[in-house]
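A quick write-up on the structure given underneath.
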Amino acid sequence: MASLPAAPGTPGGAPADLATVGPQAGQRRRGGNDPDRPRTPLDWVGRVVVYLLLAIGGAIILIPFFWMLSTSLKSDASLIAYPPQWIPNPVVPGNYPEAWTSLPFDRWLLNTVFTTVLAMIAEIFTAALVAYGFARFRFPGRNVLFIILLSTMMLPGILTLIPKFLIWREVGRIDTFSPLTVGAWFAWGPSYIFLLRQFFLTIPREIEEAAIIDGANVFQVFREIMLPLVKPALLAIAVLSFQGNWNNFEGALIYLSTLEKYPMVLGLQFYGATLSNTAPQWNLMMAMATVMALPILVLFFLAQRYFIEGLTVGGVKG
Amino acid sequence: MLSWYTLTLTDFVGVGVFVGVVMVATHWVLRRFGVGREAAAGYSLIVPWILGLVIWNAGPFLAALYLSFTEYNILQPPRWIGLDNYVRMFTEDRQFWTVLRFTLLYSVINVPLGLLGALLTATLLNQNVKGLGGWRTLYYLPAVLPAAATALLWRWMFTENGLINSILSPFLNLFGIARPAWFTDIDLVLPAFIIMALWGVFGANTVILLAGLKNIPRDLYDAAKVDGAGTIRRYVNVTIPMLSPTLFYVLILGIIGSLQTFAVAFFIESPRRAGTFMNVYIYQEAFDRGRMGYASALGWIMLLIILLFTLLVFRSSAAWVHYEGEKNQNG
């Protein structure tokens, strides 16, 4: 976090607001003579209640995670033990290779990485271009178009799904990765455009004007001046975009039919459907669910600031 | 097998170049026709989105409207049948009503409950707690778990021998109730879905609301304190109005999202009699039963329901959402 350039913009702008959301923000405000600091015994009771409630909530959040991990390391026999076994006994790490090799999981991983990377590149790049256009250039109809952009967020995806399917079928791209990636060139994420536009709006115009006087064209200004300035927002979008494409189930379900072309998420669903009803091997299932979740959880711990920025900008400044 | 990847790579590069060329061409044409420098640049920058709007939104949108008046199974060309699809939906298709009821009940219970819980948690987190960053990470964790993993995990926890029943076991024994299999029980499937959804979105909403709470200027509280307002008065008269735009945002997104629940329902099959989510039903009609026309009609009804809900919330927002004059301008 410290390695990042300071958020640009005026104090009232989005990046500055986002900074107050950061982990240290709370502490910074808590000055020496904080009026809310507990003084009376009653205040202390209040504090204890607050922490107690938070801890209960935290336990409710954490127990399922722990249960997923714990199940993934259990033997078949201890799956349904009562009382429930929190710590697996015996610990069976072999569940992971067993599940992984029972179906073409390595192929599915490759497919997921392939489609995620391509879609991310196009999605982020075009979102930035469009957001820049909306934020910085005055042209007739701009506000109407921007309202249309926002209202497309409300369109239920399922409604346009059938015609989209027919288009891809018409161009012979059913059961290929193209529908999952190529569409990203058309700035398909309105929320990303909205988020980036909010960031661009906070950058003082003088910065660009100076560059234009120096003879730079629109693309040079965009690439060399604007993009570096909104880097925190780009990273916020990158994590959201990664998450969205990594988990893209709907598209994969509709367009892909060959087992070897599945991404992880569809493979996982297939794997779940093959489980026997009489003695489902939940340990193997949970092992693969953990593998699927792992990259996103790791990314979240490394870059949680960007997850939170991407999430909060619409709600707080919208 | 390599060709699978090269094909898409070629498509990808080709379409990328195409979009770039259209952008440059747009700029050139606009300039030739005497459009100002700034406007021409603006238009050409938003070209990718305009193309997407036409090809992937407006076109399919109208096509879906047309298809909804036809009988179409992909193999034969669409056959115009007027309003038959809509008539059938409301008069003959009993499953439609079951599904609609299930989806609406789910949203109507899930969204307000989630919002209240998130508001309570955000308020607790806003009490100058120690280690705020850590708490927030903890509460946000379920929201980053892929829906597929969430669904499988809860399906497992809600089985007959699952964790939930084990925890409830003392109570179940006390009343002599057999351990239910939640997701296959016609009465429990809806509560089970709601519990799972609450766990999943709770943290994301909490983080958004917390950011909203942190944005409320401190002097407002100090002023209220000087006026003699107690903790509860301050919460009702300062916090809630100041937070209302954020609450509104979370509410709208929550409704839209929850009406469109899809992926989790694919990982957890609910009993047919209990109903399923509307989007899953539409998918099944279109791709399992090959009724593209009927599915499009269902999709249109779905759009109308979403619009109706959004409109209701927008309408009511005049009464409870408080916007500060200047805040609204750059938003």
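Any read-out appearing in this document is the output of simple, stated calculations on the displayed coordinates, not a laboratory observation. Keep in mind it's a predicted model, so treat the numbers as computed, not measured. We place every Cβ from the backbone using ideal geometry, glycine too, and count neighbours over all the protein chains shown.
Among B:Gly14, B:Gly257, B:Gly228, the largest mean-square fluctuation in a Gaussian network model of chain B (Cα springs under 10 Å) belongs to B:Gly14.
Of A:Tyr82, B:Tyr72, how do they rank once you tally other Cβ atoms within 10 Å and put the fewest first?
Numbers: A:Tyr82 10, B:Tyr72 25.
Ordered from fewest to most neighbouring Cβ atoms within 10 Å, A:Tyr82, B:Tyr72 come out as A:Tyr82, B:Tyr72.
Between B:Val108 and B:Glu269, the contour length at 0.36 nm per residue exceeds the alpha carbon distance by 55.9 nm.
Give the order of B:Ser296, B:Ser3 when sorted by the count of other beta carbons within 10 angstrom, beginning with the fewest. Show your work: numbers first, answer last.
Values: B:Ser296 30, B:Ser3 9.
Arranged by neighbour count, lowest to highest, B:Ser296, B:Ser3 become B:Ser3, B:Ser296.
For region B:82-155 versus region B:265-285, the inter-centroid distance based on Cα atoms is 16 Å. Measuring max minus min along each principal axis, the C-alpha atoms of chain B give extents of 66, 60, 47 Å (largest first).
Tell me, Kirkwood radius of region A:52-143 from alpha-carbon pair distances, in Å? Computed over Cα pairs of region A:52-143, the Kirkwood hydrodynamic radius comes out at 18.3 Å. For B:Glu71, nonlocal amide neighbours, meaning residues 5 or more places apart or on other chains whose placed amide H falls under 5 Å from its own, are B:Arg79, B:Trp80, B:Ile81.
Against the empirical curve 2.2 N^0.38 Å, the C-alpha radius of gyration of region A:96-190 lands at a ratio of 1.43.
Other protein chain C-beta atoms within 10 Å of residue C-beta, averaged over A:54-60: 5.
Direction-averaged projected area, Cα convex hull, region B:226-331: 10.8 nm², rounded to one decimal. Note on the protein assembly as shown: dipole from Cβ charges, positive end direction compared against B:Pro217, B:Ala40, A:Ser75; the farthest Cα belongs to B:Pro217. Within 10 Å of the Cβ of each residue in A:268-275, the mean number of Cβ atoms contributed by other protein chains is 3.
Cα centroids of region A:194-260 and region A:135-180: how far apart, whole angstrom? If you average the Cα positions of each part, the centres end up 18 Å apart. Farthest towards the positive end of the charge dipole of the protein assembly as shown, among the residues B:Val13, B:Gly117, B:Gly176, is the Cα of B:Gly117, using unit charges on the Cβ of Lys, Arg, Asp and Glu. Put a plus charge on the Cβ of each Lys and Arg, a minus charge on the Cβ of each Asp and Glu, and nothing anywhere else: the dipole of chain B about its Cα centre is then about 420 debye. The helix-only estimate of mean residue ellipticity at 222 nm for chain B, built from DSSP H runs of length n ≥ 4 each weighted as -39500 (n - 2.57), is -23000 deg cm²/dmol after division by the residue total.
Charges were assigned to the Cβ only: +1 to each Lys and Arg, -1 to each Asp and Glu. The resulting dipole of region B:1-147 about its Cα centre is roughly 440 debye. Kirkwood hydrodynamic radius of the protein assembly as shown, from the reciprocal of the average inverse Cα-Cα distance over all distinct pairs: 26.7 Å. Between A:Leu294 and B:Val87, the simple label model (points 7 Å from Cα in the Cβ direction) yields a spacing of 5.8 nm.
Inter-chain neighbour count for A:295-306: the average number of beta-carbon atoms from partner chains within 10 Å of each residue's beta-carbon is 2. Going from the residue with the fewest nearby Cβ atoms within 10 Å to the one with the most, A:Glu224, A:Glu250 rank A:Glu224, A:Glu250. The distance separating the Cα centre of region B:22-39 from that of region A:261-311 comes to 47 Å. Cross-link pairs exceeding 32 Å between alpha carbons, from the set A:Lys231/B:Lys225; A:Lys74/A:Lys261; A:Lys231/B:Lys130; A:Lys74/B:Lys130: A:Lys231/B:Lys225; A:Lys74/B:Lys130.
Hey, what's the Kirkwood Rh for region B:109-230 if you take every pair of different alpha carbons, in angstrom? Display every interim value, and only then the final one.
Values: mean 1/r = 0.0593 Å⁻¹.
Mean inverse Cα-Cα distance, inverted, gives 16.9 Å.
Region A:162-271 gives an Rg/Rh value of 1.14, both radii derived from C-alpha positions and Rh following Kirkwood. Other residues within the sphere of radius under 10 Å centred on the Cβ of A:Leu240, judged by their own Cβ, net out at -2 (K and R +1, D and E -1).
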